[in-house]
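> Questions regarding the structure given below will be posed in turn.
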2 protein chains.
Amino acid sequence: MTSQAFEAHDHRSCIAAGVASAVQICAERNLQLTAARQRVLEILLSEHRAMGAYEILEHLRAEGLGSQPPVAYRALEFLTKNGFAHRIERLNAFIACSHLDNAHAPVFLICRACERVVEAEANAAQGEIDRVARRAGFVVERAVREAEGLCPACAPTA
Amino acid sequence: MTSQAFEAHDHRSCIAAGVASAVQICAERNLQLTAARQRVLEILLSEHRAMGAYEILEHLRAEGLGSQPPVAYRALEFLTKNGFAHRIERLNAFIACSHLDNAHAPVFLICRACERVVEAEANAAQGEIDRVARRAGFVVERAVREAEGLCPACAPTA
DNA sequence: GATCGTATGATATAACATATCAACCCCATC
DNA sequence: GATGGGGTTGATATGTTATATCATACGATC
């Protein structure tokens, strides 16, 4: 997946590849990818948009994997803590990671029309956040880089 | 105020200058800086940290300026829409603008220890968000640039 | 088989945000 | 001075997101 991932693609492979990578990484790192956790990852992978915790919870509930908010939040915490998913602060919602392979400083492009969210790779060291932080003597532990606007498909019609 | 504003300073002037600027700008643009709106701005200016809508509402309530959530959210909407305050997405909270003078692409540095939030100026065109968006053909309407970590005062002790 | 760590289950509540409708006020115009 | 429109406010209710807390289950290890 490239940074221009607003384009059409074989989406089944997104899900399959994402789950397969997660399974392998969890095995390597002795992380427990339990049924609920894996299912939440699949749910997130099933769409290139951010999903709220309660939307995810509805799926889990329908499948008998849990019905109370902490069920979803615990799975999401596991996934985000270990890099399998990201939280989109602007939307108070979550999305599967598109770049499981490499450590990264993701930038998210959020289309307000079609709701698609694309995760692109940035070079943190060249970004304005790090430049500003360095100048101020501030130690960055987590950086949020999100843009909201219109994707190439939606911009013309809007 | 510079981008190193974690430093000590005459804080009374922050409040006075901020309100005075807002009064002037509202006059110029025919914006109504009503009692509640001005008071919310003062409340935000009174601390260099982000405040939640309900925390602000408590102040308003104590002063007889309103007691229900919409009162706070309406004032905050006015202030953010017109650039007198900013929303910190990471915290679901709000902070007074430190750079009323110039149009800007703010970067926020959020100290998780002392809770101070500093607004620094970035050069949007040089940032990673805009670079990535340009490459993807994405039209940015709003960009979120927030770093969470430790300020120069808190980093040593943590 | 006792203990420990990790994960789940279950209930309640905190925190953040908006929809809706009625009332009010200013002020521009007739 | 009456009329009407725009913006603002008041009040109620509700929707949405997130966490605290306590209890339970289960496998690993000693």
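Just so it is clear, none of the values below were taken in a lab; they were calculated from the coordinates. Computed from a predicted model, the values in this text were never measured in an experiment. Methodologically, a virtual Cβ is constructed for each residue, glycine included, from the backbone with ideal geometry; neighbour enumeration extends over all protein chains shown.
> For A:Gln126, go 7 angstrom from Cα along the Cα-to-Cβ vector, then report the distances to that same point in the other copies in nm, smallest first.
From this label point to the equivalent ones elsewhere in the assembly: 1.3 nm.
> So, one more: Could you pull out every residue, at least 5 positions away or on a different chain, whose amide H is within less than 5 Å of the one on B:Ala147? Hs are placed 1.01 Å off N in the peptide plane, and Pro or chain starts have none.
A:Val144, B:Phe108, B:Leu109, B:Ile110
> Using a simple charge model, +1 on the beta-carbon of Lys and Arg, -1 on the beta-carbon of Asp and Glu, nothing else, what dipole does region A:1-102 show about its Cα centre, in debye to the nearest 20?
Numbers: 10 positive and 11 negative charges, 58 e Å.
Here the size comes out at about 280 debye.
> Can I ask one more? Suppose only helical runs count, i.e. DSSP H with n ≥ 4. What mean residue ellipticity at 222 nm does that imply for the protein assembly as shown under -39500 (n - 2.57) per run, divided by all residues and rounded to the nearest 500 deg cm²/dmol?
Calculated at 222 nm, the ellipticity per residue is -12500 deg cm²/dmol.
> Just the number, please: Stokes-Einstein D of the protein assembly as shown in µm²/s, Kirkwood Rh from C-alpha pairs, 20 °C, 1.002 mPa s.
Approximately 101 µm²/s, per Stokes-Einstein.
> Among all stretches of chain A without exposed GluC sites (Glu not before Pro) (DSSP loop, at most 13 other Cβ atoms within 10 Å), which one is longest?
Excluding the exposed sites themselves, the longest stretch runs over A:64-158.
> Compute log10 of I(q)/I(0) for region B:53-138 with the Debye formula, placing one identical point scatterer on every Cα and leaving out solvent, at q = 0.23 Å⁻¹, to two decimals.
So the normalised log intensities are -1.16.
> Could you identify which residue out of A:Ala50, A:Ala36, A:Ala124 has the top mean-square fluctuation in a GNM of chain A using Cα springs shorter than 10 Å?
Of A:Ala50, A:Ala36, A:Ala124, the Gaussian network model singles out A:Ala124 as fluctuating most.
> Additional query: With charges only on Cβ, +1 for K and R and -1 for D and E, what is the dipole size of the protein assembly as shown about its Cα centre, in debye, rounded to 20? It would help to have the intermediate numbers written out before the result.
Details: 34 positive and 38 negative charges, 30 e Å.
Value, rounded to 20: 140 debye.
> Using only the Cα atoms of region A:1-75, what do you get for the radius of gyration and for Dmax, in Å?
Looking at region A:1-75, its Cα Rg and Dmax stand at 13.5, 37 Å.
> While we're on this one: If you average the sequence gap of Cα pairs under 8 Å that are 6 or more apart and divide by the length of region B:75-122, what percent do you get for the contact order?
24
> Mind checking the dipole of region B:20-158: about its Cα centre, +1 per Lys or Arg Cβ, -1 per Asp or Glu Cβ, Debye to the nearest 20?
300
> Then there is this: Which percent, nearest 5, of DSSP beta bridges in the protein assembly as shown are antiparallel?
Given both bridge residues lie in the protein assembly as shown, the antiparallel proportion sits at roughly 80 percent.
> In nm, one decimal, shortest first: how far is the label point of A:Gly52 (7 Å from Cα along Cα to beta carbon) from the matching points in the other copies?
The projected label point of A:Gly52 is separated from its counterparts by 1.8 nm.
> Related question: So the label point sits 7 Å from Cα along the Cα-to-Cβ vector; using that for B:Asn82, what distances do you get to the other copies, in nanometres, sorted shortest first?
Result, one decimal in nm: 5.0.
> Over the Cα atoms of region B:105-149, how large are the radius of gyration and the largest Cα-Cα distance (Dmax), in Å?
According to the Cα coordinates of region B:105-149, Rg and Dmax are 12.4, 39 Å.
> Given just the C-alpha atoms of region B:35-74, how large is their convex hull per residue in cubic angstrom? List each step's numbers first, then the result.
Working: hull volume 2.3 nm³, N = 40.
Convex hull of Cα atoms, per residue: 57 Å³.
> Given H placed on each backbone N at 1.01 Å, which residues far from B:Ala50 in sequence or on other chains put an amide H within less than 5 Å of it?
For B:Ala50, the qualifying residues are B:Val117.
> Something else: Return the chain B residue and its Cβ-to-axis distance, rounded to the nearest Å, for the rotation relating B to A.
That would be B:Glu89, 2.
> Computed over the Cα atoms of chain A, what is the ratio Rg over Rh, Rh following Kirkwood?
When Rh is taken as the Kirkwood radius, the ratio is 0.98.
> If you don't mind, another one. Where does helix A:53-62 land angle-wise versus the long Cα axis of chain A, in degrees 0 to 90, nearest 10?
20
> May I ask for the angle, rounded to the nearest 10°, between helix A:11-29 and the longest principal axis of chain A, with both axes built from Cα atoms and the value confined to 0 to 90°?
Between helix and principal axis, roughly 80 degrees.
> To the nearest 10 degrees, how steep is helix A:69-81 against the longest Cα principal axis of chain A, on a 0 to 90 scale?
Around 50 degrees separate the two axes.
> May I pose another question? So, in Å, what gap is there between the alpha-carbon centers of region A:129-154 and region B:45-78?
When both Cα centres are located, 27 Å separates them.
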